[in-house]
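Enquirer: Below is a structure I'd like to ask you about.
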Ligand SMILES: [Zn+2]
Ligand SMILES: [Zn+2]
């Protein structure tokens, strides 16, 4: 099969073709696993965090990609939850131990043995992949293959972030950064909290325009002041300046939810601008989002179909994965980027 592989950790500024297209053997499904023929796979900033070494894969080469939509091609020994031909999704959670205190209390996202799809196991930048049947999710019919892909990370992690933000209807919510996740969260808020006002902070005017099109009450640059203080803000940027700016925009007791697996170090000195009295005092909180649980994914897929969400998707061929990654690196983004692998 054809696959795009991470073979080495690179600096994307110096090496603009980090993934290698290779012909490799098709994987075989193990116990209670299914083999999926991959239809589409979303491209995520976390793929860049792997490639650039901020969350490096434990072994190389590895096939990245953790927003995978595929059809069951073959079942491994003991697998029987699905049928050949079923359309399934694979999200960032590839496996968790199922036995530790976190797993037993509905927090498998925090399991010390958590394995991420496309980092700790081969993912979906390939024509086929295998996954444990208990870690695959049926894809609602409301979505075509490419539209469904970003629901599996951008959407599902966004959903987890929104739950952690803890807002109620009528509250004001900020979104810092407006990429794949932001545009899905904004549409979800419109449905779950119809009286909430959403304020979007984004560097590019194109992103701000897109946010207004989708119903944002206001959209400004990272350092702009919104017309009111906000109850909660979800940050999906890879940098630090928006964190400090966001804290400044929170009301007393407000909460900042940082939805990023890693932050880049380039502007880390922005943190020195943090002013305790203005930015943190009055019981402001900062919380990060780590991974997703299977329940986050299945809840969100059901919600997305019910709304129904309309993911904005830009398609690339498998062999053009490097181009898609570079556009994310350079923040040339409208909605989500998806590799269309077969039909
Ligand atoms: Zn992701
Ligand atoms: Zn566990």
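Enquirer: When the Cα atoms of the range 90-214 are enclosed in a convex hull and the volume is divided per residue, what value in Å³ results?
Expert: Spelled out: Cα convex hull of the range 90-214, divided by residues, is 145 Å³.
Enquirer: Can you tell me the alpha carbon radius of gyration of the range 41-110 divided by the globular rule-of-thumb value 2.2 N^0.38 Å?
Expert: 1.36
Enquirer: Right, here's the next one. Rg and Dmax of the range 246-308, Cα atoms, in Å?
Expert: 16.1, 44
Enquirer: Then there's this: If all Cα-Cα distances of the range 226-343 are sorted into 5 Å bins from 0 onward, what percent lands in each bin, rounded to whole numbers?
Expert: 2, 9, 13, 15, 17, 17, 12, 8, 4, 1, 0, 0
Enquirer: Measure nothing fancy, just the Cα-based angle from helix 154-165's long axis to the longest principal axis of the chain, in degrees from 0 to 90, nearest 10.
Expert: The helix 154-165 is inclined about 40 degrees to the chain.
Enquirer: Which of the peptides 13-21, 55-63, 209-217, 146-154 is most tightly packed, and how do the rest follow, going by the mean number of other Cβ atoms within 10 Å of each residue?
Expert: 146-154, 209-217, 55-63, 13-21
Enquirer: If you don't mind, there's one more thing I want to ask. Quick one: Cα centre-to-centre distance for the range 50-85 and the range 192-267, in angstrom?
Expert: 32
Enquirer: I'd like the orientation of helix 294-306 relative to the chain: the angle between its Cα long axis and the longest Cα principal axis, in ° from 0 to 90, rounded to 10.
Expert: For 294-306 against the chain, the angle is about 80 degrees.
Enquirer: Separate question: Per residue, how much space in cubic angstrom lies within the convex hull of the C-alpha atoms of the range 156-288?
Expert: Each residue corresponds to 93 Å³ of Cα convex hull volume.
Enquirer: Okay, helix-only estimate at 222 nm for the chain: each DSSP H run of n ≥ 4 adds -39500 (n - 2.57), divide by all residues, round to 500 deg cm²/dmol; what do you get? The partial results should precede the final answer.
Expert: Numbers: 9 runs with 80 residues, N = 343.
Only helices count here, giving -6500 deg cm²/dmol.
Enquirer: Rounded to the nearest 5, what % of DSSP beta bridges with both residues in the range 156-288 are antiparallel?
Expert: 0
Enquirer: Further question: Using a Gaussian network for the chain with springs between C-alpha atoms less than 10 Å apart, which of these wobbles most: 37, 317, 255?
Expert: Among 37, 317, 255, the largest GNM mean-square fluctuation belongs to 317.
Enquirer: What is the ratio of the Cα radius of gyration of the range 115-188 to 2.2 N^0.38 Å, with N the residue count, to two decimals?
Expert: For the range 115-188, the normalised Cα radius of gyration is 1.31.
Enquirer: What is the Cα radius of gyration of the range 30-72 over 2.2 N^0.38 Å, N being its residue count?
Expert: Dividing the Cα Rg of the range 30-72 by 2.2 N^0.38 Å gives 1.35.
Enquirer: Which whole-percent values make up P(r) of the range 1-64 when all C-alpha to C-alpha distances are grouped in 5 Å steps starting at zero?
Expert: Here the calculated profile for the range 1-64 is 4, 15, 23, 23, 19, 11, 4, 1, 0.
Enquirer: Next question, about the same structure. Please compute the Cα-Cα pair-distance distribution of the range 204-261 with 10 Å bins starting at 0, giving whole percents from short to long.
Expert: Taking all Cα pairs of the range 204-261, the binned fractions are 22, 54, 24, 0 percent.
Enquirer: If one takes the longest principal axis of the Cα atoms in the chain, at what angle in degrees, from 0 to 90 and to the nearest 10, does the Cα axis of helix 180-192 lie?
Expert: 70
Enquirer: Over the range 297-341, what per residue volume does the convex hull of the Cα atoms give, in whole Å³? Don't jump to the answer; show the numbers that get you there.
Expert: On the way: hull volume 4.1 nm³, N = 45.
Given the Cα convex hull of the range 297-341, per-residue volume reads 91 Å³.
Enquirer: Cα convex hull of the chain: mean projected area in nm², to one decimal?
Expert: Here the figure is 16.5 nm², rounded to one decimal.
No lab work stands behind these numbers, since they all come straight from the coordinates. These figures come from a predicted structure and were not determined experimentally. When we count neighbours, we look across all protein chains shown, and the Cβ atoms used for this are built from the backbone with ideal geometry, even at glycine.
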